[in-house]
1. Just to be sure before I move on: is residue 353 closer than 28 Å to residue 83 by Cβ, of a type in the set (Gly, Ala, Ser) and touching a Gly at 6+ places or on another chain (Cβ under 6 Å) in the structure I sent?
2. Of the residues that make up the range 360-375, is at least one closer than 19 Å to residue 426 by Cα and either in contact with a Phe, Trp or Tyr (Cβ under 8 Å, 6 or more places away or on another chain) or of a type in the set (Ser, Thr, Tyr) (or both)?
3. Is it the case that the range 110-121 has a residue that's of a type in the set (A, V, I, L, M), modelled with pLDDT of 85 or more, in contact with a Leu (Cβ under 9 Å, 6 or more places away or on another chain) and open to solvent by less than 20 Å² (accessible area, probe 1.4 Å)?
4. Among the residues of the range 169-186, write down those that are part of a helix (DSSP H, G or I) and open to solvent by less than 30 Å² (accessible area, probe 1.4 Å).
5. Name, by its number, the condition in (1) touching a Phe, Trp or Tyr at 6+ places or on another chain (Cβ under 8 Å); (2) closer than 20 Å to residue 315 by Cβ; (3) open to solvent by less than 10 Å² (accessible area, probe 1.4 Å); (4) assigned to a helix (DSSP H, G or I) that does not hold for residue 424.
6. In the range 280-361, which helices (runs of 4 or more DSSP H) lie fully inside it and hold 3 or more residues that are open to solvent by 10 Å² or more (accessible area, probe 1.4 Å)?
7. Can you list residue pairs whose Cβ atoms sit under 7 Å apart, with the first residue in the range 83-105 being within 15 Å of residue 212 (Cβ to Cβ) and assigned to a helix (DSSP H, G or I) and the second being open to solvent by 60 Å² or more (accessible area, probe 1.4 Å) and not hydroxyl-bearing (Ser, Thr, Tyr)? Count only pairs 6 or more apart in sequence or on different chains.
8. I'm trying to understand the selection: among the residues of the range 12-37, which are modelled with pLDDT of 75 or more, buried (at least 19 other Cβ atoms within 10 Å of the Cβ) and not aliphatic (A, V, I, L, M)?
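The values are calculated or read from the model by the stated rules, or taken from the named source; none is laboratory data. This one's a predicted model, so the numbers in the text were calculated from it and none came from an experiment. Cβ: placed from backbone, ideal geometry, glycine included. Neighbour counts: every protein chain shown. These area figures cover heavy atoms from the full protein model, side chains too; ligands, DNA and RNA do not enter into them. Shrake-Rupley method; radii C 1.70, N 1.55, O 1.52, S 1.80 Å.
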Amino acid sequence: MSNEALTMRGPVHGTKEAKRVAVGSGVGAVIETYDFIGFGTAAALYFGTAFFPGADPVTGTLASFATLGVGFAARPLGGIIGGHLGDKLGRKPVLVASLILMGLATFAIGLLPTYQQVGLLAPALLVIVRVIQGLAFGAEWGGAILMSYEHAPWRKKGQFTGIVQAGFPVGLLLANLVFLSSVGLGSEWAWRVPFLASIVLVAVGLIIRSKVPESPVFEDVKSKGDIVKSPIVDVIKTDWRNIVRGIGLRIAETAGYAVSVTYMISYLHTNKLADKTETLVALCVAAGIGIFATYFWGKLTDKVGRRPVYIWSTAFAVVFGIPMFMLVNTGLFLLIIATIVVAYAVCQNSLAGAQGAWFPELFQAKTRSSGASLSYQISAMVSGFTPFITTLLFVSMGWIGPALLFSFYAAIGLWAALITRETWGKRERTLAEEAASKTPQTVNA
């Protein structure tokens, strides 16, 4: 890689707003994740009864998880829209718009009538707001991660994007803490309060994001007149291979999470291995550790490269699938906590930490938002319906079905990592060091 190619990553030492941008993007990620992932927790614990009563517990869970999947299915469309606008209008407008849309949809969930109140209209409305959530979340990631990536110093891209990616476990932690504290409010208010409370987070997020400056890389592309007429079409024509590789890389992380966390909540509860409180406590512990783990993994990629982290982590996940279920099947609370921590902080957070810098580096600056967003969000369709598929596998095969599915997803990620080029290898790191030594550091990044 030449220095010319490296310049497409932004200023050598980053901008003076690099830290503020990373934190601001991370705060937005916290809010979006709180809203989107909170739905998964509610789907596993409450929605089967509130919106699909009259069915046996397994059928109610399946219907609830199918609604969960609808939001994931909408994410690629959100990624297409957000990616296109990010490459045409800038990263910042997408950040603000996606946060507003997600906030309104999530607040609306807390106001929805139940099946007992309005019949079939209740699940229909739930699906509609879930689709809106999916569109917003699909548009969110590309803008947030690129803002941080393109403001960050060359040698600390993984570290700075790791801050943004760490926003996701923070959101997961907050969501589950709120659900944990609302358990005693009764079956209905226990799920309504977390969604209604999200409006406070949205207000705070909008204030922070409104003060974040636009990406210097986008401003450079704009000043040179390199804005592409149709970024989505262009990136699919010229860079479809990297999109496919990115989908494979992402499936291991997001679909693996759907098995080891989203489905696992329901599995523990349904099989009486842990009650609701114990399950939420385990998730909170894992999320708390995951905040620091994600940042650590992102920072590690600056030192050893993006690809090695991915290869070793997915290889570990391949062999962890069966032991993961064997450990939780003991019903021992400490083993359940330890298992979920490993599944989340190692198998999932390591991949998320590496993605923050690796995905943007696979694409040209002028189509980076579209390419990275497509790769990231198309895979969400797989993860969205994974809890539904996993439940069916459990019914037909027992726990070995979900365990093998987890390992299968990890194997897809391992394969993708092996065929994807390293973007921050020894050569790139050496060139960046040389450029940094020759370039005066005029800002404190």
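1. Details: closer than 28 Å to residue 83 by Cβ: yes; of a type in the set (Gly, Ala, Ser): yes; touching a Gly at 6+ places or on another chain (Cβ under 6 Å): yes.
Yes: the conditions hold for residue 353.
2. Filtering the range 360-375 for residues closer than 19 Å to residue 426 by Cα gives 360-362.
Now narrow it down to the ones that are either in contact with a Phe, Trp or Tyr (Cβ under 8 Å, 6 or more places away or on another chain) or of a type in the set (Ser, Thr, Tyr) (or both): 360-361.
Within the range 360-375 (the criterion being closer than 19 Å to residue 426 by Cα and either in contact with a Phe, Trp or Tyr (Cβ under 8 Å, 6 or more places away or on another chain) or of a type in the set (Ser, Thr, Tyr) (or both)), the answer is yes, since at least one residue qualifies.
3. yes
4. If we filter the range 169-186 for residues that are part of a helix (DSSP H, G or I), which is where we start, we get 169-181, 183-185.
Within the range 169-186, 169, 171, 172, 175, 176, 179 meet the criteria.
5. Unmet condition: (4).
6. Values: elements: 306-328, 333-341, 349-361.
Ranges flagged: 306-328, 333-341.
7. Qualifying pairs under 7 Å: 93/85; 94/85.
8. Matches in the range 12-37: 13, 14, 15, 24, 25, 26, 33, 34.
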